[in-house]
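Structure first, then comments.
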Amino acid sequence: MTLARTLNDVRELKQELREEFSGRLQYDLSESREIRIDGFAFPDGWQHRSGGRHGPLLIEIPEKYPEHPPRVYIADDMRYNGSRPQCMAPARVDSTAEWAPLSLLGNQRAWNPDSDSLVTLFDQLERVLSNPIGIEDQKGNTGDSND
């Protein structure tokens, strides 16, 4: 991980979020290499089990950032229109919460370390959350015509 680049990207993300976000951003780049955003307002259609649409996000910075893209997690109990989107992988449990990895990039080649940053990753996150494709119902059916 290039610490100077990562810190610069975190500052840019904080600046970007400041314009539209009232939650809290915390980060630890030394041990866990994570950025946590609490109080994120998910787009319409998203809710957690207790009914609210505000929740946490976790961005895991890989050791070889920016060559490798960060991984993004949302609270495992978040649902879109009552169902779990296919873009949410199975849960990851840590000491304080359960997280679901969120698939933002079709593949690693979709990430360009020279031009992409935490801000572009966050822009992609907002696009995926606004239009999650392949919604999976409680029985595991996606609602696609191929099911």
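The values are calculated or read from the model by the stated rules, or taken from the named source; none is laboratory data. Small disclaimer: the values here were computed from a predicted structure and weren't measured. Cβ sites come from the backbone with ideal geometry, for glycine too, and all protein chains shown count toward neighbours. Only protein heavy atoms, including side chains, enter the accessible area calculation; ligands, DNA and RNA are left aside. Shrake-Rupley method; radii C 1.70, N 1.55, O 1.52, S 1.80 Å.
Structural remarks
- Of all the numbered requirements in (1) over 15 Å from D123 (Cα atoms); (2) modelled with pLDDT of 90 or more; (3) surrounded by fewer than 17 Cβ atoms within 10 Å (Cβ to Cβ), E31 misses one, and that requirement is (2).
- Residue in region 119-130 that is open to solvent by 20 Å² or more (accessible area, probe 1.4 Å), assigned to a loop (DSSP other than H, G, I, E, B) and either modelled with pLDDT of 85 or more or in contact with a strand residue (DSSP E or B) (Cβ under 6 Å, 6 or more places away or on another chain) (or both) present: no
- Residue in region 8-23 that is closer than 22 Å to N112 by Cβ, assigned to a loop (DSSP other than H, G, I, E, B), among the hydroxyl-bearing types (S, T, Y) and in contact (Cβ under 8 Å) with a residue 12 or more places away in the chain present: no
- Top-ranked residue in region 78-117 [being of a type in the set (A, V, I, L, M), assigned to a loop (DSSP other than H, G, I, E, B) and at pLDDT below 90; ranked as farthest from H48 (Cα to Cα)]: L105
- If you go through region 2-20 and keep only what is surrounded by fewer than 15 Cβ atoms within 10 Å (Cβ to Cβ) and modelled with pLDDT under 90, you end up with T2, L3, Q15, R18, E19, E20.
- Residue count, region 62-76 (criterion: of a type in the set (D, E, K, R), in a loop (DSSP other than H, G, I, E, B) and under 14 Å from the mean Cα position of the chain (by Cα)): 1
- Here R49 meets each of (1) more than 16 Å from the chain's Cα centre (by Cα); (2) charged (D, E, K, R); (3) at pLDDT 90 or above; (4) open to solvent by 90 Å² or more (accessible area, probe 1.4 Å) with one exception, condition (3).
- Checking each residue in region 31-53 for being free of Cβ contacts under 8 Å to residues at least 60 places away in the same chain, outside any loop (DSSP other than H, G, I, E, B) and more than 13 Å from L129 (Cα to Cα) picks out E34, R36, I37, D38, G39.
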